[in-house]
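Structure first, then comments.
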Amino acid sequence: MSYRVTFIPGDGVGPELSEATRRVLEATGVEFDWDVQEAGADVMDKYGTPLPEHVLDSIRRNKVAIKGPITTPVGGGFRSVNVALRRELDLYCCLRPCKSYPGVRSRYQGVDIVICRENMEDLYAGIEFEQGQPETLKLIDFISDLSGKRIREDSGISIKPISVSGTRRIVTFAFDYARRYGRKKVTAVHKANIMKFTDGLFLATAREVAQSYSDIEFEDRIVDNLSMQLVGRPEEYDVLVLPNLYGDIISDLCAGLIGGLGVAPGANIGDEVAVFEATHGSAPKYAGQNKVNPMAMMFSGMLMLRYLEEEEAAGRLERALAAVIAEGRSVTYDMKPTRDDPTAVGTSQVADAVIEKMQRPGA
Ligand code: NAD
């Protein structure tokens, strides 16, 4: 059986990482029928948008996509393709498994945390009012009338919506994930002591969902306390479920625990569709140099194999990646003891090494 998967190479270092990832995915023996689609800055001139409708249609049709990073230029009318993709396809969970492999440069060992970050709501919903604009002043007056509290007139305002239905589906996702992958505990993260009607609602809803999963332990943590605990005892955490903003920050913290952006995979998942991509961006200054680490995207490919229920192939790819990391020989500059280590290899040589490991007998 061959899987039809939308393949978006991306821009910056995206195309070279995507090529390396495509090679290792094909070397697992699983058959893919890639539906290659271009998106990002490079297609702006051709289609007038960085995210043409036919790219979205391809993902909707195939239901699974893997993508390289895409640059979001600062300023201008260019909306982030990454944010737009999540919104258009209702990819409400940003999944970030953070697992440390022996040999990575990290102060920690034995980290194995899965982050389920809500992707659509919270302060990132994009409902913002610019300082000094007439509608902002109107809103300030309105809030003052309603709440009796004064907001300074020279304020900008970002709205933080958190809903029961949005929370229910992300927490349900986290518990279902825990069940499917044999995880023991889900921790809901919040600041409910301060924001009672948003984070408080998130926590209350999470507690309610947890009642349907008596086989999985449930606990909650205030986000500042969690940050301290993650730095001290990350091995105590299993699956974390968080609203958007905390999820964004804690994801990067956890990427730091496991050795950095070069190895941190991810996926954006909805009820129908899933898009797999590394946590990092397009690192434009390294584009075309065969230099950066393809492992984060390869690990994202491993997540995709698991999503497709190709567990055996996923396990083989994971073991091969772990073996290359443990050896420390065929790895890129960011995984060497010093950044200017002359023994660092390039992006495509990492793919060669991973493929070689997978092809060994008993791999
Ligand atoms: P970045 O992740 O692209 O790069 C930051 C630094 O991290 C790089 O300079 C490099 O030193 C290191 N790095 C990143 N990926 C690496 C890898 N695979 N191997 C080794 N080192 C790596 O972050 P940025 O510079 O903030 O963003 C660049 C562009 O990427 C921006 O336009 C941003 O909007 C976009 N971006 C896209 C995505 C996405 O497509 N999902 C995600 C984040 C950022």
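Points to keep in mind about this one:
- Candidates Arg221, Arg233, filtered to the one that is away from the ligand (no atom under 16 Å from the Cβ), buried (at least 17 other Cβ atoms within 10 Å of the Cβ) and charged (D, E, K, R): Arg221
- Check on Asp90, among the acidic types (Asp, Glu), part of a loop (DSSP other than H, G, I, E, B) and within 17 Å of the chain's Cα centre (by Cα): yes
- Pair list, Cβ under 7 Å, 6 or more apart: region 27-50 residue at negative phi, other residue among the acidic types (Asp, Glu): Val30/Glu310; Phe32/Glu26; Ala41/Asp11; Asp42/Asp11
- Among the candidates Arg179, Arg183, Arg168, Arg117, residue that is within 22 Å of Ala267 (Cβ to Cβ), assigned to a loop (DSSP other than H, G, I, E, B) and touching a residue at least 24 places away in the same chain (Cβ under 8 Å): Arg183
- Residues in region 329-355 that are within 20 Å of Ala255 (Cα to Cα) and charged (D, E, K, R): Asp334, Lys336, Arg339.
- Pro337 satisfies every condition listed in (1) surrounded by fewer than 22 Cβ atoms within 10 Å (Cβ to Cβ); (2) closer than 23 Å to Ser80 by Cβ except (2).
- Listed by position, the helices (runs of 4 or more DSSP H) contained in region 246-363 that have at least 1 residues being of a type outside the set (Lys, Arg), closer than 30 Å to Ser227 by Cα and at pLDDT 95 or above are 295-307, 311-327.
- Scan of region 121-141 for residues that are in contact with a Gly (Cβ under 6 Å, 6 or more places away or on another chain) and either closer than 30 Å to Gly260 by Cβ or touching a residue at least 40 places away in the same chain (Cβ under 8 Å) (or both), ordered by number: Glu121
- Of all residues in region 28-53, those being more than 28 Å from Ala313 (Cβ to Cβ) and surrounded by 12 or more Cβ atoms within 10 Å (Cβ to Cβ) number 10.
- Residue in region 74-83 that is buried (at least 21 other Cβ atoms within 10 Å of the Cβ), under 23 Å from His280 (Cβ atoms) and touching a Leu at 6+ places or on another chain (Cβ under 9 Å) present: yes
The values are calculated or read from the model by the stated rules, or taken from the named source; none is laboratory data. Keep in mind that what you see is a predicted model, and the values were worked out from it rather than measured. Heads up, the Cβs are rebuilt from the backbone with ideal geometry, glycines too, and the neighbour counts pull from every protein chain shown.
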